[in-house]
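What follows is a set of notes on a single structure, which appears directly below.
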Amino acid sequence: MKKKVLTVDDSRTIRNMLLVTLNNAGFETIQAEDGVEGLEVLEDCNPDVIVTDINMPRLDGFGFIEGVRKNEKYRAVPILVLTTESDAEKKNRARQAGATGWIVKPFDPTKLIDAIERVTA
């Protein structure tokens, strides 16, 4: 059974890179353009792991992570933050919101797959 990954990023380029990387690694990939859409598709896709950006319109990554964690059903779903941000304060804020890990863009496809494999093992 393929593991499902929900990716949430407002950049079409990043979404395309994630889609290719994840599909080539054997994952089923569901995509959303921002936190609002991410929360909308969450119920239908029931992901094994979520990869989200921080800086997005309508609802940023912090709000999205908090929204996911408010739902009992998704409390244990690993959430990896994929962002250009790297400062400790933002990492800490993401952790407090409920993020599992942090990956800085541009991402290394192998490291991303390794991180997903680790958090879904």
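The values are calculated or read from the model by the stated rules, or taken from the named source; none is laboratory data. What you see is a predicted model, and the numbers here were worked out from it, not measured in a lab. As a convention, Cβ positions derive from the backbone with ideal geometry for all residues, glycine included, and neighbour counts pool all protein chains shown. When the accessible area is computed, the model is the full protein with side chains, heavy atoms only, and any ligands, DNA or RNA have been set aside. Shrake-Rupley method; radii C 1.70, N 1.55, O 1.52, S 1.80 Å.
Of the residues examined, I54 is not one that is touching a strand residue (DSSP E or B) at 6+ places or on another chain (Cβ under 8 Å), closer than 17 Å to T120 by Cβ and not polar (S, T, N, Q).
For the criterion of being polar (S, T, N, Q), in a helix (DSSP H, G or I) and either under 14 Å from the mean Cα position of the chain (by Cα) or loosely packed, with under 14 Cβ neighbours inside 10 Å (or both), Q31 fails.
For segment 76-107, the tally of residues that are in contact with a helix residue (DSSP H, G or I) (Cβ under 9 Å, 6 or more places away or on another chain) and charged (D, E, K, R) stands at 4.
Name the one entry in M17, M1 that is open to solvent by 20 Å² or more (accessible area, probe 1.4 Å) and assigned to a loop (DSSP other than H, G, I, E, B). None of the other options fit; the residue is M1. Quick one: is G38 open to solvent by less than 30 Å² (accessible area, probe 1.4 Å), over 21 Å from M17 (Cα atoms) and in a helix (DSSP H, G or I)? Taking the combined requirement at face value, the residue does not satisfy it. For segment 56-68, the tally of residues that are more than 13 Å from the chain's Cα centre (by Cα) and of a type in the set (D, E, K, R) stands at 1. Among the residues of segment 74-99, those identified as over 17 Å from K3 (Cα atoms) and without any contact (Cβ under 8 Å) to a residue 24 or more places away in the chain are R75, S86, D87, A88, E89, K91, N92, R95, Q96.
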